[in-house]
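The values are calculated or read from the model by the stated rules, or taken from the named source; none is laboratory data. All values derive from a computational prediction rather than experimental measurement. When we count neighbours, we look across all protein chains shown, and the Cβ atoms used for this are built from the backbone with ideal geometry, even at glycine.
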C-alpha cells in the first residue's frame, strides 16, 4: 500500500534516498556522516514525513555521484509542480497506463469529465491558490483529459456521476448547461460508460475513487492516496461495484442529464423547478 507518508513529492524523493543508501550498504548514521544531515531527519525524509530542501538535494548528489545530479535536478523541477496536487503525482503514471478505469466523485463532476470553465470555477474556490496556480492546474487537468479520455486508444472506463453534482451550481448556469452537454458527449464515446448515482444512501460518500486495473486512488480534503495492495484494491472495487448496482440505467442517466441540461440552458437552477427528480 502507498499511504500518506509515502505519497507525493516528499515520498518519491525519500524513496530514492533510501534506495541509494541501501544499495551502498550504509546505515542512516553513515549517510548522516557523509551528508552532514542529522540521522533522525534523514529517517523522516526517507519516510516522506519531511519535504526535501535544496541543501539536502545537493548533499545527496555529493553522496551519490553516480546519480549525476538527479536529486538537485528533481528538486528544481518539483518547484514548478504547483499544477499537480502532491497526492496525485504518484497516481498519474498508473492512470495513464491503465486498460480499464472505474471513476466516482461525490458531489461534483469528476475531473476527467469537466469542461474547462467548470474546472476553472472549481479550482478557483480552493483556498490560497493564486491566479498562476489556477492557470497551471487547469492546463494540467485539460491535458490529463486529452491523455486519458480523448486519445485514440482510451481505456475502457465506467464513470459513476453523483446526481447531486448535476444540481450543484458551479460558476454559472451557462457553465452548468455546457457541462451537461459535455457529459452527454463523453457518454456517447466508444469504450465510455456513464451512469448517474441517484441521491440515495450509498457506501462512498467520503471520497473520490478511481480504480485503474490493479491500483486505486482515493482523495479527500486532506490529500490523495494511491493503493496497490490486492486487499485494499479489491475492497475498493467491491465498493465501486455496489455504487454501480444502485445507478440509473445508461439510457435513464442520459435522459436525466439531457433534461437538466435544458433547465440550466434556460438560465435557472433545476432546484427551483418542481419537475420530478430522477429519470424520465
Out of 265, 226, sole residue that is within 23 Å of residue 96 (Cβ to Cβ) and surrounded by 12 or more Cβ atoms within 10 Å (Cβ to Cβ): 226
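Take the range 121-144 and flag every residue that is part of a helix (DSSP H, G or I) and under 19 Å from residue 165 (Cα atoms). Spell out the reasoning first.
Let us first name the residues in the range 121-144 that are part of a helix (DSSP H, G or I), namely 121-124, 131-144.
Within the range 121-144, 121, 122, 123, 124, 141 qualify.
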Qualifying residue in the range 13-36 (condition: in contact with a strand residue (DSSP E or B) (Cβ under 8 Å, 6 or more places away or on another chain), touching a residue at least 60 places away in the same chain (Cβ under 8 Å) and surrounded by 18 or more Cβ atoms within 10 Å (Cβ to Cβ)): no
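Considering only residues that are in a helix (DSSP H, G or I) and surrounded by 19 or more Cβ atoms within 10 Å (Cβ to Cβ), which ones fall in the range 37-50? Quick ask: steps written out before the conclusion?
Step one: filter the range 37-50 for residues in a helix (DSSP H, G or I), giving 39-46.
Across the range 37-50, the qualifying residues are 42, 45, 46.
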Residue match in the range 195-205 (condition: modelled with pLDDT under 95 and under 30 Å from residue 49 (Cβ atoms)): yes
The range 145-160, residues that are touching a strand residue (DSSP E or B) at 6+ places or on another chain (Cβ under 7 Å) and assigned to a helix (DSSP H, G or I): none
Residue, nearest to residue 134 (Cα to Cα), within the range 91-115, restricted to residues that are under 10 Å from the mean Cα position of the chain (by Cα) and at pLDDT below 85: 92
Test result for residue 125, in contact with a helix residue (DSSP H, G or I) (Cβ under 7 Å, 6 or more places away or on another chain), surrounded by fewer than 18 Cβ atoms within 10 Å (Cβ to Cβ) and free of Cβ contacts under 8 Å to residues at least 24 places away in the same chain: no
Some residue of the range 248-268 being touching a helix residue (DSSP H, G or I) at 6+ places or on another chain (Cβ under 7 Å), over 24 Å from residue 171 (Cβ atoms) and at pLDDT 90 or above: yes
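Here's the yes/no breakdown for (1) closer than 26 Å to residue 268 by Cα; (2) surrounded by fewer than 18 Cβ atoms within 10 Å (Cβ to Cβ); (3) in contact with a helix residue (DSSP H, G or I) (Cβ under 6 Å, 6 or more places away or on another chain):
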{"site": "131", "(1), (2), (3)": "no, yes, no"}
{"site": "137", "(1), (2), (3)": "no, no, yes"}
{"site": "160", "(1), (2), (3)": "yes, no, yes"}
{"site": "166", "(1), (2), (3)": "yes, no, yes"}
{"site": "169", "(1), (2), (3)": "yes, yes, no"}
{"site": "174", "(1), (2), (3)": "yes, yes, no"}
{"site": "179", "(1), (2), (3)": "yes, no, yes"}
{"site": "185", "(1), (2), (3)": "yes, yes, no"}
